[in-house]
Amino acid sequence: MLFSSIPFLYYFLPIVLALYFIVPKKFKNLVLLLSSLFFYFWGEKTYTLVMLGVSVINYIAGLIIDKKRGTILAKIALISSIIVSIGTLGLFKYADFFISNINAIFRSDIGLLKIIMPIGISFYTFQILSYTIDLYNNKAKVQKNMLNFITYVTLFPQLIAGPIVRYVDVEKELEDRTHSIDKTAQGIGRFIIGLAKKVLISNTLYEFIEISKTTEDSSVLFMWLYAFAYALHIYFDFSGYSDMAIGLGKIFGFNFMENFNYPYISKSITEFWRRWHISLGSWFRDYVYIPLGGNRVSKIKWLRNILIVWALTGFWHGADWSFILWGLMFGLLLLIEKMVIGKNIEKVPTFLSWAYTMFFVLISWVLFDSANLELALERLKVMFGFGSVSIITSETLYYLRSYLVIFIISIISATPLVKNLILKIKEKEAGKKIINVLEPIIYAMLLVIITAYLIDGSFNPFIYFRF
């Protein structure tokens, strides 16, 4: 079930909210659990049992870690948790990748499993691991209530595509959380903004992307516009989902971490990754990079740690060498910034440092969106004018004019300009009153427009569902 769908918006969500706020406090987690399981079962009937099975195994592992703390049994329980969680992820997501590479290297003919990957497995696996690892390291308290633990794993607002919510960040709210009209209003507003990002901006940009991939009259400018459109599309798609998840979390009394902070205003690759998919970056930092030694080791080991983290970051996104190279590309760029450029990048004019960052980000998205390395190279060749390609064509200008408005809206919306303007207006009492009156009206209008788009049946799936 998609957040950006009529069944979710006008059937599932109203019923869940009504039940949630009607039942006594002690039954609220039960309502969330049952509704989350139904939400997941809607799209993943068989794999709901996989998610439940992994959750129960890790719940038991947590009990053993806590009861046998300081003994070999606790370590065995942690290792078992990691093996089961990563093993399940590896089976469904990476088995065919490894088989294909073994066949290519040894010229064998092992049959591919062709298993369909469960939606959201990359996200809930990392959430589960954050619990058992933090519990083992005494950073979290054991959850003895199985219902509460499975509620944490399956919580539908962020189950499918994040943000990756760590157990330590919500362990208190699982037991006791506050609800208020103000918090609910904030949640509704945040949800509608995310919905608008997805339906009105991301989906419209996807139309241009599809045209750019199927046209026979490609040009250098067209391919750059494709890269530009894809960069905006994936940002509004993923950040839109995160906004919806954070908004729903607020309505149900949870405070999920921010996942995006206007990444396209970054003036370095380092800054970009502080602003993009924040929950994933911090997860790899705390559970992979630091345990490997971080930067408190020899330079050779530090280089190793950086490259391991970024190879894994790419691999997390997809079972293909193009994703691994995508991750390593960012790893190398970060190493260059840290070891060669250093603080000199701060002395470069802002526009130039921003242009440098966006150049490599756009190149990276071409690699990211390509099904294989061959296709990525073909697209990059066109972008840089290799071969008999035109710089610009009449078709390119036609589509540029057709989508110019959405490009302008996307660019403005990808910056904090509107947010800063609203905050500036709110500094004065009169401005604050005007904004408070206009906000619910604008949200209501947006919801009506979004509903019309959804009824029309435009493209809808979230891009990060496949990761």
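The values are calculated or read from the model by the stated rules, or taken from the named source; none is laboratory data. From a predicted model like this one, the values you see are computed outputs, not experimental measurements. Every residue, glycine among them, receives a Cβ derived from its backbone with ideal geometry; neighbour counts consider all protein chains shown. With ligands, DNA and RNA removed, areas are computed over all heavy atoms of the protein, side chains included. Shrake-Rupley method; radii C 1.70, N 1.55, O 1.52, S 1.80 Å.
Anything in the stretch 89-143 that is farther than 28 Å from residue 45 by Cβ, in contact (Cβ under 8 Å) with a residue 24 or more places away in the chain, open to solvent by 20 Å² or more (accessible area, probe 1.4 Å) and not in a loop (DSSP other than H, G, I, E, B)? List them, or say none. 133, 136, listed by residue number. You will find that of 108, 81, 36, the residue that is hydroxyl-bearing (Ser, Thr, Tyr) and under 23 Å from residue 315 (Cα atoms) is 81 and no other. For the stretch 1-56, a residue qualifies if it is among the charged types (D, E, K, R), more than 20 Å from residue 252 (Cα to Cα) and either part of a helix (DSSP H, G or I) or in contact (Cβ under 8 Å) with a residue 60 or more places away in the chain (or both), and exactly one does: 44. With respect to residue 81, determine if the residue is surrounded by 14 or more Cβ atoms within 10 Å (Cβ to Cβ) and in a helix (DSSP H, G or I). Answer is yes for this residue. Out of all the residues in the stretch 172-191, is one or more at pLDDT 95 or above, open to solvent by less than 10 Å² (accessible area, probe 1.4 Å) and either of a type in the set (Phe, Trp, Tyr) or over 25 Å from residue 131 (Cβ atoms) (or both)? Yes, the stretch 172-191 contains at least one residue that is at pLDDT 95 or above, open to solvent by less than 10 Å² (accessible area, probe 1.4 Å) and either of a type in the set (Phe, Trp, Tyr) or over 25 Å from residue 131 (Cβ atoms) (or both).
Would you point out the residue of the stretch 1-20, among those that are in contact with a Ser or Thr (Cβ under 9 Å, 6 or more places away or on another chain) and surrounded by fewer than 16 Cβ atoms within 10 Å (Cβ to Cβ), that is nearest to residue 241 (Cα to Cα)? Among those residues, the one meeting the criterion is 6. Residues in the stretch 424-439 that are of a type in the set (A, V, I, L, M), open to solvent by less than 90 Å² (accessible area, probe 1.4 Å) and over 14 Å from residue 189 (Cβ atoms): 425, 430.
Within the stretch 407-429, the set of residues being without any contact (Cβ under 8 Å) to a residue 40 or more places away in the chain and aliphatic (A, V, I, L, M) comprises 408, 412, 417, 418, 421, 422, 423, 425.
For the stretch 438-454, filtering for residues that are over 20 Å from residue 422 (Cβ atoms) and without any contact (Cβ under 8 Å) to a residue 12 or more places away in the chain leaves 2. How many residues, within the stretch 245-271, are polar (S, T, N, Q), closer than 18 Å to residue 283 by Cβ and buried (at least 18 other Cβ atoms within 10 Å of the Cβ)? The qualifying residues number 1. Residues of the stretch 445-466 that are at pLDDT 90 or above, over 22 Å from residue 238 (Cβ atoms) and open to solvent by 70 Å² or more (accessible area, probe 1.4 Å): 445, 448.
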